[in-house]
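Rule-based calculations on the coordinates, nothing more; no lab input. Quick caveat: nothing in here was measured; it's all calculated off a predicted structure. Note that each Cβ is placed from the backbone with ideal geometry, even for glycine, and that neighbours are counted across all protein chains shown.
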């Protein structure tokens, strides 16, 4: 297990993550990329704690996702199964589990302040924290980086992962209003959504 974790985690996070996995009897499965989620946790019919994490994540996002999912397990075990999945009990648990990892031996110095700010009140997905998300994406496999919505001009056309094509219309508060060309429906996108810019 340690050998596998070394491939996906920052060096100084490997042993503490291994201890978390062992202490909580986690069956960890590293899976192909899913566009709808970075990871998930469930307890199966036999009572096994199953956690999946996307193999395509960079090592910092992989670490946050793994601890995020272990926090679900720990919060459910401690507070009961009736708590909200991303409610106050989970937030508290996630904060407590992440604190030992928020240090310069693990995260790059330019990311640390953003990580510390995010974990004052962690959200259900770090993707909704645009500043942190963009900072973390700098460490993605360079071949995978596309354009962010906030970078492309108003009126530009773009394609998302499922093949649908949109046109960027306007900024509405913090999100971008875009129209799907085939259906004419309007959607809102986070500024850090990754898209493929199409020729005009």
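So what's Rg/Rh here for segment 2-42, counting alpha carbon atoms and using the Kirkwood radius for Rh?
On the way: Rg = 11.3 Å, Rh = 11.5 Å.
In segment 2-42, Rg relative to Rh is 0.98.
Over the chain, DSSP H runs of length four or greater, each weighted -39,500 (n - 2.57), average out per residue to a 222 nm ellipticity of -9500 deg cm²/dmol.
Full extension of the chain between residue 33 and residue 187 gives 53.1 nm of extra length, using 0.36 nm per residue less the Cα-Cα distance. For the chain, would you read off the P(r) tail past 20 Å as a percentage of all alpha carbon pairs? Roughly 60 percent, once rounded to a whole number. Gain on full extension, evaluated as 0.36 nm per residue between residue 147 and residue 116 minus their Cα-Cα distance, stands at 8.5 nm.
Working note: Cα gyration tensor of segment 109-185, eigenvalues times five, square-rooted, sorted largest first, giving semi-axes of 27, 15, 11 Å.
Label-to-label distance for residue 42 and residue 58 is 3.1 nm, based on points extended 7 Å past Cα in the beta-carbon direction. Normalised by the number of residues in segment 1-99, what is the relative contact order in percent for Cα pairs under 8 Å and 6+ residues apart? Once divided by the residue count of segment 1-99, the mean separation gives 23 percent.
Rounded to a whole number of µm²/s, how large is the Stokes-Einstein D of segment 17-105 at 25 °C and 0.890 mPa s, given Rh as the Kirkwood radius over C-alpha pairs?
Details: Rh = 13.5 Å.
D = 182 µm²/s.
The alpha carbons of segment 147-197 give a radius of gyration and a Dmax of 9.5, 26 Å, in that order. Between residue 180 and residue 124, the FRET efficiency from the beta-carbon distance, with R0 = 30 Å, is close to 0.75.
Given an 8 Å cut-off on Cα distances and at least 6 residues of separation, report the relative contact order of the chain as a percent.
Values: 282 pairs, mean separation 27.3, N = 200.
Over the chain, the number comes to 14 percent.
Return the tail of the calculated pair distribution for segment 70-146, meaning the percent of Cα-Cα pairs more than 20 Å apart.
Details: 1169 of 2926 pairs.
Of all Cα-Cα distances in segment 70-146, 40 percent exceed 20 Å.
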